[in-house]
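Here is the structure we will look at.
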Amino acid sequence: MMKTNVAKHFASWKFLVMLMFVASISLGGCFGSAEADNPKHVNVMEFQKLINEVPGAVVVDVRTPQEFGAGHLQGAILLPVQVLDTKATQVLQDKNAPYFVYCRSGNRSEVAVNMLKKMGYTNVTNMLGGIIDWSNKGLPLTR
């Protein structure tokens, strides 16, 4: 009789430990996801959807002034990646605003969103494929 009670107690204890383990993994995903998803990296079509749907979206072009002049997304702010570390806080004053960053191919914008994250910006999204993919999809540019 005593062995049966010990076995039941041990089985319930194992169940409780397993339940706590599973719960910690699940909750860790919930609480850790904002950090894991920041910065976000999305394809061109998702980027276009987000900049049109997210309230207060700020589109940031991190290419050179010459590239910007040749064609850019409507409403984009020019902030070349070469000056991002010194100019970002002047140009992008709200560190919690939704910033959508792009460049020519996605390389400089990836560097830029990682820089912004390190500077304390909390909501940055990188457009994978850059303006090259944007143009290949036939999406509009402003000159």
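The values are calculated or read from the model by the stated rules, or taken from the named source; none is laboratory data. Computed from a prediction, not measured in an experiment: that's the story for all the values here. Glycine also receives a Cβ, built like all others from the backbone with ideal geometry; neighbour counts cover every protein chain displayed.
Results, tabulated for the structure shown:
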quantity: Residue satisfying all of: in region 54-74; within 20 Å of the chain's Cα centre (by Cα) and assigned to a loop (DSSP other than H, G, I, E, B); farthest from Val113 (Cα to Cα) among these; calculated: Pro55
quantity: Region 98-143, residues that are β-branched (Val, Ile, Thr) and touching a Leu at 6+ places or on another chain (Cβ under 6 Å); calculated: Val124
quantity: Qualifying residue in region 57-74 (condition: among the basic types (Lys, Arg) and surrounded by fewer than 16 Cβ atoms within 10 Å (Cβ to Cβ)); calculated: no
quantity: Matching residues, region 75-104, being hydroxyl-bearing (Ser, Thr, Tyr) and surrounded by fewer than 16 Cβ atoms within 10 Å (Cβ to Cβ); calculated: Thr86, Thr89
quantity: Some residue of region 108-129 being modelled with pLDDT of 95 or more, polar (S, T, N, Q) and in contact with a Pro (Cβ under 6 Å, 6 or more places away or on another chain); calculated: yes
quantity: Any hit, region 28-37, residues being under 16 Å from the mean Cα position of the chain (by Cα), at pLDDT 55 or above and outside any strand (DSSP E or B); calculated: yes
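Condition check ((1) closer than 18 Å to Gly56 by Cβ; (2) part of a loop (DSSP other than H, G, I, E, B); (3) within 18 Å of the chain's Cα centre (by Cα)) across all residues:
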site: Asn96; (1), (2), (3): yes, yes, yes
site: Arg108; (1), (2), (3): no, no, yes
site: Asn114; (1), (2), (3): no, no, yes
site: Lys117; (1), (2), (3): no, no, yes
site: Asp133; (1), (2), (3): no, no, no
site: Leu139; (1), (2), (3): no, yes, no
